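Below: one structure, written as structure tokens.
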Amino acid sequence: MTQRPNPIRSARLSMAATDDDSHEFDLDLDLDFTSRSGPQLITFMLGEEEYGVDILRARELITYPVGGVTPVPGLPIFVVGVINLRGIVIPVMDLRIRFRLAQAEYDLYTVIIIVEVEGKQIGLVIDSVSDVVHLEEDQVQSMEHLTASVDTEFIGGVVNIKDEMVILLDVDHLLSARELRALVDKVENSEKV
């Protein structure tokens, strides 16, 4: 049974007003302000699948800068290059390539979510942003029950939102520790050139 959030404050507003013809009418509004304890997600599309990232991990959303991503030789194939965002050089990872999905054309809806991993900012290319949703802690289901043939290292769980399954990404595992170190070193060396 899903528990409804507890109202933290309730207000009843009544007012009498007069319109232009001097007729009085009453307006009653019953407002509830609620507090939620679970995580908040940014949900987004990659192909036909919907994914989510904890909103506290997202630093910023930006439109994909067509022609503004600079390729850097020697980076893994799923890192399409770097961008300069207000003086900070940020590596950009295409999640479609990382997850071995069909490639898509970058268009007006393509977005980069800037996330922080071990103190470093990384851009994640996605097809489009869907929504921002609140979850209750008990809504998230782990992926432990899946067979060993399914690669779940990037997945933090799944959740059913509005009758659709959303795959929750674990941004800390999108790159291995070795890949992250190599990526940071390569980007820092490219800044010095």
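For the range 59-78, the set of residues classified as of a type in the set (Val, Ile, Thr), touching a residue at least 24 places away in the same chain (Cβ under 8 Å) and exposed (fewer than 13 other Cβ atoms within 10 Å of the Cβ) consists of Thr63, Val66, listed by residue number.
Scanning the range 90-126 for residues that are among the polar types (S, T, N, Q) and modelled with pLDDT of 85 or more gives Thr110, Gln121. Restricting to the range 82-95, name every residue that is farther than 19 Å from Asp54 by Cα and crowded, with 17+ Cβ neighbours inside 10 Å. Across the range 82-95, the qualifying residues are Val82, Ile83, Leu85, Ile90, Pro91. Residue check: Ile77 meets all listed conditions (1) modelled with pLDDT of 85 or more; (2) among the aliphatic types (A, V, I, L, M); (3) touching a strand residue (DSSP E or B) at 6+ places or on another chain (Cβ under 8 Å) but one, namely (3).
Let's see how each residue does on (1) open to solvent by less than 60 Å² (accessible area, probe 1.4 Å); (2) outside any helix (DSSP H, G or I):
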position: Ile97; (1), (2): yes, no
position: Ala102; (1), (2): no, yes
position: Asp107; (1), (2): no, yes
position: Val115; (1), (2): yes, yes
position: Ile122; (1), (2): yes, yes
position: Asp131; (1), (2): yes, yes
position: Asp138; (1), (2): no, no
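The values are calculated or read from the model by the stated rules, or taken from the named source; none is laboratory data. Just so you know, these numbers come straight off a predicted model, no measurement behind them. Here Cβ is always computed from backbone atoms with ideal geometry, including for glycine, and neighbour counts include all displayed protein chains. SASA here: full protein model, heavy atoms, side chains in, ligands and nucleic acids out. Shrake-Rupley method; radii C 1.70, N 1.55, O 1.52, S 1.80 Å.
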